[in-house]
């Protein structure tokens, strides 16, 4: 959608536009996301211009436009975004907004670390029924104190993100132990993203001199 449209219930009285070229932009974003999932921790820029509603970063908004539809329940962290973002999602994506986070196929979270236990991790019969979390962070860098290993990483990969709560690495390890069940994360900062599939292991760098 390329024009702004007034919508009932939109606190600003004006709904912000979505993709300028919905099909092409969604295809571009989906390819970038697939590549990010195949190369955990590698940071990519989404090449689309978008003005997100308050509470959503540009990459978060682009991912929502790419992934969500009427068949994908979405949970929106009330601490991250409010009524204007909810109205924008309903209008552009047509997605049902889940009141219960465990019913969501996708979720947007913000803050120091999401509570992974609040979301569906799938089960042995349907591990694909687990949720994917879009986690908005204030800093995202391909260097820092975190070391990633696992499928899609040749040896190891450094990652820096902030804020990061104590206890997240332990919670992420517990999530990985659920494989083939478990959550996937997509880190978002501005217009950039990096993926952390459930198979990715995260540790802290032991010394400053570690490669």
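The values are calculated or read from the model by the stated rules, or taken from the named source; none is laboratory data. Just so we're clear, the structure is a prediction, and the values are computed from it rather than from any experiment. Cβ placement follows ideal geometry from the backbone for every residue including glycine, while neighbour counts extend to all protein chains displayed.
Is it fair to say residue 75 is farther than 18 Å from residue 197 by Cβ, within 12 Å of the chain's Cα centre (by Cα) and modelled with pLDDT of 95 or more?
yes
For segment 103-126, filtered to residues that are over 27 Å from residue 160 (Cβ atoms) and within 16 Å of the chain's Cα centre (by Cα), the residue that is surrounded by the most Cβ atoms within 10 Å (Cβ to Cβ) is 104.
Among the residues making up segment 74-94, those that are in contact with a helix residue (DSSP H, G or I) (Cβ under 9 Å, 6 or more places away or on another chain) and closer than 16 Å to residue 19 by Cα are 85, 88, 89, 92, 93. Tell me yes or no: at least one residue of segment 17-26 is in a helix (DSSP H, G or I) and touching a residue at least 60 places away in the same chain (Cβ under 8 Å). No, the conditions are met nowhere in segment 17-26. Listed conditions (1) out of contact with any strand residue (DSSP E or B) (no Cβ under 7 Å at 6 or more places or on another chain); (2) assigned to a loop (DSSP other than H, G, I, E, B); (3) modelled with pLDDT of 95 or more are all met by residue 41, apart from (1). All of 196, 169, 146, 133 fail the test of being within 19 Å of residue 77 (Cα to Cα) and in contact with a strand residue (DSSP E or B) (Cβ under 8 Å, 6 or more places away or on another chain), apart from 133. Of the strands (runs of 3 or more DSSP E) lying entirely inside segment 78-182, none contains at least 3 residues that are free of Cβ contacts under 8 Å to residues at least 24 places away in the same chain.
Assess whether residue 63 counts as being buried (at least 18 other Cβ atoms within 10 Å of the Cβ), within 17 Å of the chain's Cα centre (by Cα) and either in contact (Cβ under 8 Å) with a residue 60 or more places away in the chain or over 15 Å from residue 188 (Cβ atoms) (or both). So residue 63 fits the description; yes.
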